[in-house]
Amino acid sequence: MAGGGGGGRSLEETPTWAVAVVCFVLVAISIVIEHIIHLIGKWLKSKNKSALYESLEKIKAELMLLGFISLLLTVGQSPISNICVSEKIGNSWHPCSKQKEEDAIKGEEIPDDSSEQHRRRLLMEAAGGSVRRMLAAGGEDKCAAKGKVPFVSADGIHQLHIFIFVLAVFHVLYCISTLALGRAKMRSWKSWENETKTAEYQFAHDPERFRFTRETSFGRRHLSFWTKNPVLLWIVCFFRQFVRSVPKVDYLTLRHGFIAAHLAPQSHQKFDFRNYIKRSLEEDFKVVVGISPPIWFLAVLFLLFNTHGWYSYLWLPFIPLIVILLVGTKLQVIITKMGLRISERGEVVKGVPVVQLGDHLFWFNRPRLILFLINFVLFQNAFQLAFFAWTWYEFGLKSCYHDHTEDIVIRITMGVLIQILCSYVTLPLYALVTQVIN
């Protein structure tokens with residue numbers, strides 16, 4: 001029963017074996033999932049992956065929160081559905097146009113098979129119209145008797161249950177893909193790290209060798225006419241994040257700057273900077289998988305603005321994209337400004353240029369603000385993809401949630417693009433840049 005309104009036989013009229021079988025299956029599935037999570041946690045502990053273990057615990061806490069929300073919906077289903085509001089309020093801010101609601105009520109959009117399930121879904125889209133549907137139980141709508149409409153119907157609350165489940169699935173999937181793509185990016189750095197242990201690298205980067213700053217590889221990349229112009233600087237850095245966001249010269253220079261600031265000079269060959277960055281990414285991952293109250297609030301605003309007439313499909317999916325592009329550009333600007341600081345200290349450098357990073361290079365002097373924005377983008381992207389999958393499952397691709405083909409194309413394309421850009425490009429770059437000040 002999709003409606004969840006109490007239709008059909010009650011447990012008094014249901015065979016006990018049927019109740020027992022349903023409970024057994026649910027308990028068995030829950031135990032298996034819990035055991036799998038326990039095994040993953042045990043394996044992470046055995047591999048000394050404390051940061052990833054803490055991330056796993058945080059994911060479990062977020063799933064428990066979603067489960068608690070679902071439980072509150074179950075307990076509050078009857079009280080919420082009995083709250084009545086005036087028709088004027090009930091007819092505002094609908095995801096469907098009034099014409100489509102009226103068509104759904106009249107049954108003009110019912111397919112040839114006239115399936116009851118599809119009919120009920122169409123009628124749910126038309127909630128708040130002049131014609132009142134009966135509750136799934138077949139009883140009289142109490143609000144209709146008063147000339148009002150339900151605040152949220154019983155069927156609507158049931159559909160929210162399904163959305164919470166879909167959101168939980170997508171939350172787990174985006175966490176896994178984020179870590180996998182970030183580590184995949186760092187695998188390309190392994191050959192660079194191995195190169196630092198060769199005699200050729202030591203000869204090419206002789207610490208006793210004096211060179212002009214602009215003649216170094218790092219200087220040639222970052223010291224040019226465009227670095228003096230703030231507009232050109234941001235334009236060039238914007239495009240750089242798409243092509244070799246972390247080139248070898250930047251990686252090796254940041255590596256040298258970190259070692260020069262925190263370790264002894266003889267540690268250059270022994271220290272594995274890539275493994276250190278990988279552990280740093282795992283530490284940042286603990287923050288990325290969390291869902292803070294401000295991010296929950298922004299997700300609720302997404303639900304609010306997904307209203308007919310606002311053309312949300314033309315701008316909502318692009319907000320995470322704009323944010324992550326700004327963050328990626330800012331990180332590239334920071335690297336370039338580190339090169340400018342080297343040039344300001346002198347025209348000649350000894351050995352590899354030593355970069356120095358300060359909090360003042362970040363927005364509002366807060367490096368962690370960038371991590372918060374990355375966290376926002378990843379969750380908002382997962383939330384929008386979950387919402388798309390839920391509306392597809394509940395109402396079909398031709399529902400009022402997807403009136404336009406462009407809506408479907410934009411949501412899917414943006415979802416995949418943002419996930420790859422954020423996890424594969426921006427997050428590893430953030431982990432690399434911020435280590436210079438740690």
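Couple of notes before you dig in:
- Length gained on full extension, residue 173 to residue 243: 22.5 nm, using 0.36 nm per residue less the C-alpha separation.
- Shape descriptor for segment 292-334: Rg over Rh equals 1.11 (Cα atoms; Rh from the Kirkwood inverse mean 1/r).
- Among 155, 403, sorting on how many other beta-carbon atoms sit within 10 Å of each Cβ, with the fewest leading, yields 403, 155.
- R0 of 60 Å, Cβ-Cβ distance residue 272-residue 146: FRET efficiency to nearest 0.05: 0.25
- When the alpha carbon gyration tensor of segment 168-434 is reduced to an equivalent ellipsoid, the three semi-axes, largest first, read 40, 19, 15 Å.
- Set of lysines with alpha-carbon distance to residue 148 below 24 Å, sequence-local pairs under 8 removed: 88, 98, 100, 106
- Residue order, fewest to most beta carbons within 10 Å, for 234, 296: 296, 234
- Once the chain from residue 86 to residue 23 is taken as fully extended at 0.36 nm per residue, the excess over their C-alpha distance is 18.7 nm.
- Linear extension gain, residue 198 paired with residue 220, 0.36 nm per residue minus alpha-carbon span: 5.6 nm
- Size-normalised alpha-carbon gyration radius of segment 1-96, reference 2.2 N^0.38 Å: 1.65
- Annotation: amide H-H contacts under 5 Å for residue 84 (H modelled 1.01 Å from N, sequence separation of 5 or more, or interchain): 151.
- Among the listed pairs 248/330; 248/286; 278/337, a Cα-Cα separation exceeding 21 Å is found for 248/286; 278/337.
Here, each number is a calculation from the coordinates, and none is a lab measurement. Note that the structure is a prediction, hence the values are computed from the model and not measured. Virtual Cβ from ideal backbone geometry, glycine too; neighbours counted across all protein chains shown.
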